[in-house]
Structures are given as structure tokens and as C-alpha cells.
Amino acid sequence: MLRVVWINKSKWLKPGPIVYMGLLNAMSFAQHKIATDYFVASGDDSETEQDLQHFYGLEPSSYLSIYRVKETRPGARDVYQQAILKIEEYLHSGDHVIVLTRELGALSRLLKIKKKNPSLKVVYESHDYYLNRAHLPKQGFSALRRQWAERLLIPKVDGLICLTEHQRALYQQFWNKLPIVALSLGCLKFKHQNLEQRRSKRRVAYIGHLHGYKGSDFIYDVAKLLKHKNITLSCYGGHEKQVLQLRGEARELGLEDVLKFDAFVSPAELHRILDQDVSIGLVPLQDTFYSRYLTCPVKALDFLSHGLPVVASDLPSTREVLRETGLYCSSRNATEFAEAIEQLLDHSQNYQSASKLSYRRSLQLQWYLRAEKILRLLNLH
């Protein structure tokens, strides 16, 4: 019997995309009717199945089991140990097991088991790149430790998943025989909406942590240009204290009517908002090495899932995800962003065309297709 195990050290219900993306990765294999386990740190007590439906907006699957592991002490990584015990149980029963993780810290333990069990496949999904540290803003001991961990551990895995083609090329130049594939994260499928009703809301959405390198400072400049255009720019991300500060800054700049800030909302609530209340998605990544070459902008995938037109920074990472769907602007030019937004909202034909392209692109990036490509990487499909 073939089984899939996905390991994530972060806490269940953690704000942001990390746990949610791992969950969707696990669910993608369950969609193929493969028995799949998702191991994650426990977080606060709650009902897992209710969380799955009401927080994450997903229906339970008989092929997906979620294991929330409580830590016995801070930093103990009990989630790794519990996952390994389950993997060993499966192997002892004669099952073939694929283990996937983005946790570099889990690899050494998994590779020890792999030495004795040829029916175990270990796949690492890289969300960064440490083989060369020249691009890193911080090059201290932590980065050095991760560099050596990548050099020692990744060559021993059965497959490496990269999020961008450039990231794949960086790794491939060191390991030209290691099975490596570049796969963006995936899209969900939602019903098509009335595009004219959606356009008439004249509401632009930004999603994510409100850091300068992700374009949050840039958002103020865009908002200034939209101030008298009957357009609202709504930002979802950050914690309550940050949001209160950002709202204060918007008020001081006279932008409180056009620029709105809200703290993180659950994936289920976010998808409701995108489906019913938003006209355009905004992806203003700043031009850094990480944003240009290593990241897969989850916010862009959320927008595509709902068939929203996307106005994005013109970077290799955004073009790889959006392709012909995106409306691309210089990451340093707020005027280009504001004009692209207006061109969509003021012209029905432009808006309709962009929405249809987004819906079409989302079908090419469905999660179950991503799982198929991972199975193909391992010669199992």
C-alpha cells in the first residue's frame, strides 16, 4: 500500500500560509485516494475537524488523517518523533511511504530510517536557498548552519521540490543527478462570479505580512494615487498591534477612506472575502533576490483561484505563477500600479478579459495536478 506523510513543525491554526500550504499539499494526495497523514504541532486545544471546515474552509477526507502533536518542552520537535514512529509502523507493515517536508531539521532523522528501508522515499520542498550565502541579508551562524545542513542532507533525498525555475537551476548546478522539479504552490477551485458586479465594488486587496520588503510601504504610495478615484485598497495581514499602528499612519496621511487594514483572517474567511467583496488582487513584491528568484507568492494563487485580475510587480517569480494573466508594473513605480488598477476598473472589457484569464490559469495550477507531478518525479505515476 502506498502512503504519504507530510511533516510541518508549525502550530495548527497559526496565522499566515505555512500550515495552510502544508495542509493543502497533504490534501492534494488525498484527492488521488492515497492514504495521507499530516503531522503538525498541536497549537491550542480545539476540535480538528471543525477547524478544518470553519477555519481552513476544507471538507474532511477519508484519505486524510491529521495528527496534532503537543511538545513536551519548547523546541523538542516532538512532531518529528511522532511522525517517525508512524512511518516506522507503516514500513514494518510492508507499506511504501513517501515523506514530504519543508523542514530541514527533520531530514537527518528521516534519512537514518531510509538507510534501512528502501521502500521509504524522502522528498524535501525548499522554500529558500542556502548552498550559497552571498544573497542573504544575514550571513551569521544560523545561515552557515543551514548551508551545511543543505549540503550534507539534500543530496541524499529521493527528490527535491523547488518553488521556482530559478531556484531549481541554483540547486541543479550542484546536483545534476538529483531528481529536482520546479512547482509553484497550487490553486483551489471556486464557482465563477458575476464579473460586472465584482468590478463595480472597486475594491483592491493586498494579503500578507506587512513588511517593507513585501511592498507594504509601497502601498501608501499607491493609495495616495487612488484617493479620489472611488477605489478602496484593503490589506489583510499582521497582528492587531501592527494593524492599529498602520491605521493610525493612514489617518495621519488622510488616507483612512481609501486605505483599510485588517489583521490576519482565517483561510475560510479570506476566501469568502475574495469571492464576494474584492475586484482586483495586488502583488507589489519588492525587487530583492528572494522575491525575484525564490518565492512563490501565495497571494497571487489566492487571487487566481477566485478569477481575480492581478496587478503585480514585474519579477521572474510573479511571471512564473501568473504568466499571461498578470498586469505587470515596475516594483518601484506606484503610478504604474494605480493606472493598471484604474484601467481594469474603468473598462468592463479589460476587466472581463483579465478575469477569464485568471480563471483559466487557476485550472492549470490545481493542487491535485501538483501532486501528480510529484508522484511523476518519483516514478510513481
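Readers should treat all values here as calculations from the given coordinates under stated rules, not as data from a laboratory. Note that the structure is predicted; figures quoted are calculated from it, not measured. Cβ coordinates were reconstructed from backbone atoms using ideal geometry, including for glycine residues, and neighbour counts include every protein chain displayed.
Which value does Rg/Rh take for the range 333-381 over its C-alpha atoms, Rh per Kirkwood? Don't skip to the end; give the middle numbers.
Details: Rg = 17.5 Å, Rh = 13.4 Å.
A ratio of 1.31.
Hey, what D do you get for the range 277-352 in µm²/s if you plug the Kirkwood alpha-carbon radius into Stokes-Einstein at 20 °C and 1.002 mPa s?
Details: Rh = 12.4 Å.
Estimated diffusion coefficient is 172 µm²/s.
Kirkwood Rh, the range 34-74, all Cα pairs: how many Å? The partial results should precede the final answer.
Numbers: mean 1/r = 0.0889 Å⁻¹.
Evaluated on the range 34-74, it is 11.2 Å.
Within the set 33/86; 33/70; 33/114; 224/260, which residue pairs have Cα atoms separated by over 22 Å? Intermediate results must be reported in sequence, preceding the final value.
Numbers: 33/86 19 Å; 33/70 28 Å; 33/114 24 Å; 224/260 13 Å.
Those over the limit are 33/70; 33/114.
Can you list the aspartates and glutamates whose alpha carbon sits under 13 Å from that of residue 201, skipping same-chain ones fewer than 8 residues off?
275, 277, 342, 346
For the range 231-381, what ratio Rg/Rh do Cα atoms give with a Kirkwood hydrodynamic radius? Each step should come with its number before you reach the end.
Details: Rg = 16.8 Å, Rh = 16.8 Å.
A ratio of 1.00.
If Rh is defined by the Kirkwood formula over all Cα pairs and Rg also comes from Cα, what ratio Rg/Rh do you get for the range 7-115? Please report the intermediate quantities before stating the final value.
Numbers: Rg = 13.7 Å, Rh = 14.4 Å.
Rounded to two decimals, Rg/Rh equals 0.95.
Give me the percent relative contact order of the chain, please, defined on Cα pairs under 8 angstrom at least 6 residues apart. Please list the in-between numbers first.
Working: 697 pairs, mean separation 59.8, N = 381.
In percent, rounded to a whole number, it is 16.
Normalised radius of gyration for the range 158-261, please: alpha carbon Rg relative to 2.2 N^0.38 Å, two decimal places. Present the calculation step by step, with values, prior to reporting the outcome.
Working: Rg = 19.7 Å, N = 104, 2.2 N^0.38 = 12.8 Å.
Relative to the rule-of-thumb radius for its length, the range 158-261 sits at 1.53.
I need the Kirkwood Rh of the range 31-176: take the reciprocal of the average 1/r across all distinct C-alpha pairs and report it in angstrom. Display every interim value, and only then the final one.
Working: mean 1/r = 0.0578 Å⁻¹.
Every distinct Cα pair counted, the radius reaches 17.3 Å.
Give me P(r) over the chain, computed from all C-alpha to C-alpha distances, binned every 20 Å, as integer percentages.
Calculated over all Cα pairs of the chain, the distribution is 27, 57, 16, 0 percent.
Straight-line reach from residue 14: which aspartates and glutamates fall under 13 Å, measuring Cα to Cα and dropping same-chain residues less than 8 apart?
44, 45, 51
Please compute the modelled spin-label separation between residue 145 and residue 85, points set 7 Å along Cα→Cβ, answer in nm with one decimal.
For the pair residue 85/residue 145, the computed spacing is 2.6 nm.
In whole percent, what relative contact order does the range 243-371 give with Cα contacts below 8 Å and a gap of six or more residues?
On the way: 147 pairs, mean separation 27.6, N = 129.
Computed value for the range 243-371: 21 percent relative contact order.
Across bins of 5 angstrom width beginning at 0, how are the C-alpha pair distances of the range 94-248 distributed, in whole percent?
Here the calculated profile for the range 94-248 is 2, 7, 12, 13, 13, 12, 12, 10, 9, 7, 4, 1, 0, 0.
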